[in-house]
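Below: one structure, written as structure tokens.
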Amino acid sequence: MLTAEEIRKIDHEIALVPVRKAACIEALKIVQEHRGWISDESLLAIAAHIEMSAEELDSVATFYNLIFRKPVGRNIILLCDSISCYVMGYEQIYDHLKARLNIKFGETTPDARFTLLPNACLGACDHAPTLMINHDLYKDLTINELDEILKTYK
């Protein structure tokens with residue numbers, strides 16, 4: 001069941017597009033913003049509200065890597081694995097994060113503090129390697145900076 005606030009925000013997005021289905025990504029983002037992820041129950045409620053089959057909506061939700069279909073941590077780390085970041089030290093950054101957090105891509109720390117995800121490109125190839133934590137972009141990363149950066153996220 002969607003909350004009144006979620007419905008209000010989704011209806012606002014529906015009013016901006018020619019057909020209800022066209023608001024599906026915004027609807028997913030709205031519910032995820034409120035709940036942290038898109039459960040099966042949430043997906044069914046959204047699909048019913050925007051008059052779309054659950055299968056269609058799930059195909060959209062699972063296509064986009066920033067729509068989370070399972071619970072995630074309080075802080076989402078997106079590590080860029082594009083060719084630019086790969087050449088400029090991506091593997092060392094990834095190895096350090098794995099060792100420091102004791103998780104691999106797709107996993108969440110036991111205290112739910114961090115979820116680590118790969119990202120195809122963060123749009124800062126001229127400042128590789130890069131990663132994003134929540135909405136904060138870190139460029140020209142070195143291993144020495146990582147621990148201090150991680151400390152700022154609770």
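FYI, it's all coordinate maths here, none of it is from the lab. Nothing here was measured: the structure is a model prediction, and the numbers come from that model. Methodologically, a virtual Cβ is constructed for each residue, glycine included, from the backbone with ideal geometry; neighbour enumeration extends over all protein chains shown.
Candidates (1) 1.07; (2) 0.95; (3) 1.04; which is the computed Rg/Rh (Cα atoms, Kirkwood Rh)?
Recomputing Rg/Rh (Cα atoms, Kirkwood Rh) here gives the entry labelled (3).
For region 74-88, in order, what is each residue's ³J(HN,Hα) by Karplus, 6.51 cos²θ - 1.76 cosθ + 1.60 with θ = phi - 60°, in whole Hz (x at glycine and Pro)?
Listing the rounded values in order: 5, 10, 9, 9, 9, 9, 5, 10, 5, 4, 4, 5, 4, 5, 8 Hz.
Please give the charge dipole size of the chain, origin at the Cα centre, charges +1 on K and R Cβ atoms and -1 on D and E Cβ atoms. Round to the nearest 20 debye.
Details: 16 positive and 23 negative charges, 55 e Å.
It comes to approximately 260 debye.
Using only alpha carbon pairs under 8 Å that are at least six residues apart, calculate the relative contact order of region 1-153 and give it in whole percent. Before the final figure, lay out each step's value.
Values: 212 pairs, mean separation 28.6, N = 153.
Reported as a whole number, the value is 19 percent.
When the Cα centres of region 107-139 and region 16-41 are compared, how far apart do they sit, in Å?
Cα centres, region 107-139 to region 16-41: 23 Å.
What residues have an amide H closer than 5 Å to that of ARG113, excluding those fewer than 5 places away on the same chain, when H is modeled at 1.01 Å from N in the peptide plane?
ARG74
Could you give me the ³J(HN,Hα) list for region 117-125, computed from phi with Karplus coefficients 6.51, -1.76, 1.60 and θ = phi - 60°, whole Hz, x at Gly and Pro?
Each residue of region 117-125 in turn: 10, x, 9, 4, 6, 9, x, 10, 4 Hz.
Once the Cα atoms of helix 54-63 and of the chain are each reduced to a long axis, what angle between those two axes, in degrees from 0 to 90 to the nearest 10, is obtained?
Value to nearest ten degrees: 20.
How about region 89-154: which GluC sites (Glu not before Pro) there lie in a loop by DSSP and see at most 11 other Cβ atoms within 10 Å?
On the way: sites: GLU91, GLU107, GLU145, GLU148; in loops: none.
Loop-located and lightly packed - none at all.
In deg cm²/dmol, rounded to 500, what helix-only [θ] at 222 nm does the chain give when every DSSP H run of at least 4 residues adds -39500 (n - 2.57) and the total is split over its residues?
Values: 7 runs with 69 residues, N = 154.
Using -39500 (n - 2.57) per qualifying helix, the result is -13000 deg cm²/dmol.
Where Lys and Arg each count +1 and Asp and Glu each count -1, what net charge lies around ALA47 among other residues with Cβ under 12 Å from its Cβ? Don't skip to the answer; put the middle values down first.
Values: positive: ARG20, LYS21; negative: ASP40, GLU41, GLU51, GLU55, GLU56, ASP58.
That works out to -4.
Count charges around ILE93 for me, please; just the other residues with Cβ under 13 Å from its Cβ, Lys/Arg as +1, Asp/Glu as -1. Could the numbers behind the result be given before it?
Details: positive: LYS98, ARG100, LYS139; negative: ASP81, GLU91, ASP95, ASP140, GLU145, ASP147.
So the surrounding residues net to -3.
Can you pick out the pairs among LYS9/LYS151; LYS70/LYS98; LYS21/LYS70; LYS29/LYS104 whose Cα atoms lie more than 32 Å from each other? Kindly include the intermediate steps, with their values, before the conclusion.
On the way: LYS9/LYS151 34 Å; LYS70/LYS98 20 Å; LYS21/LYS70 23 Å; LYS29/LYS104 25 Å.
Distance filter (> 32 Å) returns LYS9/LYS151.
Step through the residues of region 5-12 one at a time and calculate ³J(HN,Hα) from phi using the Karplus curve (6.51 cos²θ - 1.76 cosθ + 1.60, θ = phi - 60°), rounding each to whole Hz and writing x for Gly and Pro.
5, 4, 4, 4, 5, 5, 4, 4
When Lys and Arg each count +1 and Asp and Glu each count -1, what net charge do the other residues less than 12 Å away from LEU16, Cβ to Cβ, add up to?
On the way: positive: LYS9, ARG20; negative: ASP11, GLU13, GLU26.
Once all neighbours under 12 Å are counted, the net charge is -1.
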